[in-house]
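A quick write-up on the structure given underneath.
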Amino acid sequence: MSKKNVDKLLKAAEAIAREYKHQYMFTEHLFLAMLDSEEFVSVLLDFGVDVNDMRTDAKDYLQQKIPTVKQSPTPLNKTQSVERVFNRTLTMVLFNGRENITNVDIFISMMGEQKTFVSYLILKYGIHKEELLFRRVLFRSGTDQPHIIR
């Protein structure tokens, strides 16, 4: 995901936060925006996740548990959790010698946030970080060299 696509994802998350009239952008807004990505949804489907139920759970949480304001501020502030997710994502991608961020990279970083509703959803739907990381590395047939999925 290029910088342009990361910006697009952030704008989608911000639009969701504004739609719900929230004062801050939470990881749940970001996660909900990521659910519009076919590539990301296919990863969740590989884990047997009912994506429609997961989306409904995330929407219900945002609607019922996050306080609303009359009008979302401009610019919309990101929570420290969202900032940490992006810092971890960028560090992970750079250490892996890559230039582009994927939604899966962001999701893996979200798994590091223990006190979020997204972390609850990860547990509820049985997604394990180790398995997700393992699935990111596939072996090419006929070689012993791992192939990193980008």
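All of the numbers you see were taken from the coordinates with simple rules; none came from a lab. Just so we're clear, the structure is a prediction, and the values are computed from it rather than from any experiment. Cβ placement follows ideal geometry from the backbone for every residue including glycine, while neighbour counts extend to all protein chains displayed.
Data overview
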quantity	calculated
Under 5 Å, built H, 5+ apart or other chain: amide partners of Thr102	none
Additional length obtainable on full extension of the chain from Glu131 to Ser42, 0.36 nm per residue less Cα span	30.5 nm
Calculated [θ] (222 nm, deg cm²/dmol) that DSSP helices of n ≥ 4 give over the chain, each run adding -39,500 (n - 2.57)	-18000 deg cm²/dmol
Inter-label distance, nm, simple model (7 Å from Cα along the C-beta direction), Glu99/Glu19	3.3 nm
Hits among lysines - C-alpha to C-alpha of Lys4 under 21 Å, sequence gap 8 or more where chains match	Lys78
Geometric extent, Cα atoms of segment 3-148 - Rg, Dmax (angstrom)	16.0, 60
Chymotrypsin sites (Phe, Trp or Tyr not before Pro) restricted to DSSP loop in segment 71-130 with at most 14 other C-beta within 10 Å	none
Least to most buried among Arg98, Arg18 (fewest other Cβ within 10 Å first)	Arg98, Arg18
FRET efficiency, 1/(1 + (r/R0)^6) with R0 25 Å, evaluated for Lys115 and Thr74 via beta carbons	0.35
DSSP-assigned coil residues among GluC sites (Glu not before Pro) in segment 16-124, each with at most 13 further Cβ atoms within 10 Å	Glu99
